[in-house]
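See structure below.
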Amino acid sequence: MTIFLETVKMVGKVFRSNKLRTFLTMLGIIVGIFSVTMIFAVSDGTKDKISKEFMEMDKTSITLTFNDKYDQSSGQLQEKTTPPYEALQKLSRSSKIITNVTVSSPRTWKEAQEKLMQDALESGIDSNDPNAMYQQGNGDEGASQVNAVGYDFFGVREKLSTKVIAGRLFTKFDEQNQAYFAVISDQIAAEKFGSPKAAVNRTLMINNISYKIIGVLQRNSDQGTGPWDEQYVYPAYILHSTQQNQVSDENRYFSEEYILKVKATKDRDQAKQEVTEVLSNYMQKDQYNINMGFGDNQEATNNIMDLVTMVFAGIAGLSLIVGGIGIMNIMLVSVNERIKEIGIRQALGARRWHILMQFLVEAIALTLIAGVLGMILAQVAVSWLNTQHLGIVLAVNIKIMIAVTLFCTAVGVLFGYYPANKASKLNIADALRYE
Amino acid sequence: MITLKHVSKVYQPSRDVKVTALSDINLQIDENEDIAIIGKSGSGKSTLMNLITCIDTISEGEYILKGIDVRSRSRTQLAVLRNQHFGFIYQNFNLLNHLNAYENIELPLIYAQIKKNERDMKVKTIAEKVGILDRLDHRPSELSGGEKQRVAIARALINDPEIIIADEPTGALDEQTGKQIIAILKGLHEQGKTVIMVTHDMDIAALSKRRITLADGRIIGDEQGVQA
């Protein structure tokens with residue numbers, strides 16, 4: 001037992017006396033562990049984020065858009081395509097799988113919009129954010145974007161319905177009565193009225209018409225959401241049915257999207273059939289589009305994931321090989337340098353097992369210490385990077401880290417021990433002469 | 001104490017090349033002898049020393065050391081024999097550079113599995129004897145040639161072996177320092193040890209009581225008597 005302790009002390013002396021060589025040996029291991037851990041941290045974080053975004057997509061809805069007919073050559077409007085709203089509503093009542101049909105029709109007023117875009121460019125406002133644009137303009141004259149929706153729009157777009165922070169949302173009753181009600185965003189409420197609560201029951205002017213504010217929605221606070229998410233809460237939501245009774249306004253841009261909600265993801269194909277049937281009674285195929293969204297690409301998603309994993313794993317593997325070669329290298333060189341020392345020790349009476357134990361302890365101590373340092377460094381780096389708002393969250397995979405540490409230890413021990421074993425078997429006289 | 005009978009050493013560095021370093025060596029060495037081994041480069045002096053001190057194996061013949069047939073001993077047993085019966089002093093000192101003087105001297109004791117307190121006592125005692133007690137915490141790179149050789153001598157003596165082998169001990173030293181080292185070695189002989197010195201310097205060889213001359217791997221002379 002004493003000889004073991006003596007060996008440990010001896011090993012400590014060796015490390016202290018040749019700090020550079022010790023450090024270089026450890027460096028290979030530290031870098032190997034650090035880089036592999038980081039690669040997996042980034043890989044996992046990326047996959048996580050991609051998964052989340054796919055998950056966020058609404059997998060139980062189908063969207064319908066309608067195309068007006070234009071003359072091919074002159075570009076003139078030939079025929080307006082009118083969506084058969086009543087028929088679609090009837091379908092949602094009769095269909096076993098379609099639960100809702102609602103509309104989402106964002107609109108902006110031309111002149112004001114153009115002016116706003118110009119101002120936005122000059123002052124660096126995000127022209128994609130309706131709330132920012134609203135604030136920039138004098139919203140009361142309708143310079144903002146509003147979304148004219150079906151009464152059950154918030155139910156269909158589930159995420160929005162959970163974000164009511166004052167008042168209420170539209171009801172079927174409101175729609176039937178074609179009420180001039182508006183639901184606004186918390187940002188506008190704060191801007192114009194001081195607080196969400198204060199905004200309820202106040203008046204909002206949109207395109208010179210006054211609407212009563214009945215509810216306030218909170219903006220989505222998630223970072224980095226994708227295009228499938230209702231990232232931007234519109235400054236104001238009004239009832240689509242009400243808008244329709246207005247005098248047609250040449251001055252506005254608008255798009256209309258009909259959203260059908262189905263019971264389950266698997267029902268979407270059947271729902272598509274049902275809708276197509278109904279629509280075929282009212283218009284031709286080229287007058288409408290049915291968009292199934294991304295939700296059914298589960299398989300494609302998984303394939304992408306696997307590919308991502310493979311690519312990253314390949315890079316990590318390569319990095320490990322390079323690191324391993326570095327460790328091998330320095331170990332072999334180290335032992336080579338010390339052949340004479342091994343000879344001297346044996347001349348003085350060291351048995352082979354003394355030498356082997358010394359080098360084994362050295363190799364293990366070196367690799368383990370380096371391994372721990374590598375792991376600590378990786379953890380510190382990951383923690384720091386996560387405070388830097390990169391858009392993805394890095395996570396240290398403990399299993400990978402330990403596996404890599406063990407691998408590096410094995411390489412270090414093997415390539416520290418094996419040549420030492422050979423050197424200890426050398427003819428002592430030769431070893432002493434070795435230069 | 002040491003008996004060599006018809007000993008030879010043959011090297012075979014490659015398949016077709018055979019080198020005979022020593023042939024038909026017959027030698028008897030007793031306790032408390034003062035021997036100089038002389039010869040030109042390549043005469044086999046160092047090879048002979050390596051065989052005697054068991055750091056190399058004999059190809060043919062018989063080697064009896066203190067009644068033990070060396071050829072029949074395993075590598076481990078030979079290590080123990082070396083540790084107990086031989087002390088080495090080299091021209092280039094062969095100290096471990098990353099250890100200080102104390103740790104260098106202590107090394108044979110560690111391999112003899114002596115405990116720390118006992119080791120400490122022995123190291124200090126021997127260091128005082130050779131006159132380097134005040135330099136024990138220095139590394140070889142911080143010591144002069146003479147001091148390094150003293151450390152080597154202390155290391156060689158630490159297990160109190162009967163035989164001291166010195167291979168060109170003054171080769172790397174200046175004349176003055178060399179003389180001091182020789183004096184220490186003669187002193188050891190006076191204390192009862194067998195001192196075998198390998199040298200090509202005839203003046204130093206003249207100081208020994210017995211001179212063995214080697215040439216081309218053979219002993220060509222073995223004479224007694226100090227030449228004044």
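A few remarks follow.
- Only one of A:281, A:208 that is modelled with pLDDT of 85 or more, open to solvent by 40 Å² or more (accessible area, probe 1.4 Å), farther than 25 Å from residue A:171 by Cβ and touching a helix residue (DSSP H, G or I) at 6+ places or on another chain (Cβ under 8 Å): A:281
- Hey, residue B:78 facing another protein chain (nearest Cβ under 10 Å) and in a loop (DSSP other than H, G, I, E, B) or not: no
- Taken over region B:55-72, the criterion of being away from chain A (no Cβ under 13 Å) and open to solvent by 80 Å² or more (accessible area, probe 1.4 Å) is satisfied by B:60, B:66, B:71.
- Any chance residue A:391 is on the phi > 0 side of the Ramachandran plot, under 45 Å from the mean Cα position of the chain (by Cα) and in contact (Cβ under 8 Å) with a residue 24 or more places away in the chain: yes
- Listed by first and then second residue, the pairs with beta-carbon distance under 6 Å, at least 6 apart or on different chains, first residue in region A:342-361 and within 19 Å of residue B:153 (Cβ to Cβ) and at the interface with chain B (Cβ under 7 Å from one of its Cβ atoms), second small (Gly, Ala, Ser) and buried (at least 24 other Cβ atoms within 10 Å of the Cβ), are A:349/B:79.
- Selection status of residue B:98, touching a helix residue (DSSP H, G or I) at 6+ places or on another chain (Cβ under 9 Å) and either buried (at least 17 other Cβ atoms within 10 Å of the Cβ) or within 11 Å of another protein chain (Cβ to nearest Cβ) (or both): yes
- Flag for residue A:255 being modelled with pLDDT of 85 or more and not β-branched (Val, Ile, Thr): no
- Enumeration of residues in region A:257-292 that are under 15 Å from residue A:87 (Cα atoms) and part of a loop (DSSP other than H, G, I, E, B): A:281, A:282, A:283
- In region B:185-206, the residues that are surrounded by fewer than 19 Cβ atoms within 10 Å (Cβ to Cβ) and among the hydrophobic types (A, V, I, L, M, F, W, C): B:202, B:206
- The residues of region A:190-205 that are touching a strand residue (DSSP E or B) at 6+ places or on another chain (Cβ under 6 Å), touching a residue at least 24 places away in the same chain (Cβ under 8 Å) and over 16 Å from residue A:147 (Cα atoms), listed by number, are A:196, A:197, A:199, A:200.
- Candidate set from region B:21-30 (those that are of a type outside the set (Ser, Thr, Tyr) and open to solvent by less than 60 Å² (accessible area, probe 1.4 Å)); member that is farthest from residue B:220 (Cα to Cα): B:29
- Residue list for region B:115-148, filter: buried (at least 18 other Cβ atoms within 10 Å of the Cβ), of a type in the set (D, E, K, R) and outside any helix (DSSP H, G or I): none
- Qualifying residue in region B:149-159 (condition: in contact (Cβ under 8 Å) with a residue 24 or more places away in the chain and surrounded by fewer than 17 Cβ atoms within 10 Å (Cβ to Cβ)): no
Residue by residue, here is whether (1) at pLDDT 90 or above; (2) open to solvent by 70 Å² or more (accessible area, probe 1.4 Å); (3) of a type in the set (Lys, Arg) holds:
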site	(1), (2), (3)
B:4	yes, no, no
B:8	yes, no, no
B:13	no, yes, no
B:19	no, no, no
B:38	yes, no, no
B:43	no, no, no
B:46	no, no, no
B:49	yes, no, no
B:53	yes, no, no
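- Of all residues in region A:8-46, those that are more than 14 Å from chain B (Cβ to nearest Cβ), open to solvent by 50 Å² or more (accessible area, probe 1.4 Å) and modelled with pLDDT under 80 total 1.
- Residue list for region A:47-84, restricted to those being hydrophobic (A, V, I, L, M, F, W, C), over 30 Å from residue A:390 (Cβ atoms) and modelled with pLDDT under 75: A:77
- Filter pass, residue A:321 being closer than 30 Å to residue A:409 by Cβ, in a helix (DSSP H, G or I) and open to solvent by 80 Å² or more (accessible area, probe 1.4 Å): yes
- Any pair with Cβ under 9 angstrom, 6 or more apart, that starts in region A:418-430 at a residue that is more than 14 Å from chain B (Cβ to nearest Cβ) and ends at one that is open to solvent by 20 Å² or more (accessible area, probe 1.4 Å) and modelled with pLDDT of 85 or more: A:420/A:356
The values are calculated or read from the model by the stated rules, or taken from the named source; none is laboratory data. Since we're looking at a predicted model, the values are computed, not measured. A quick note on method: Cβ atoms are made from the backbone with ideal geometry, for glycine too, and the neighbour counts reach across all protein chains shown. Remember, those area values only see protein heavy atoms, side chains included, never the ligands or the DNA or RNA. Shrake-Rupley method; radii C 1.70, N 1.55, O 1.52, S 1.80 Å.
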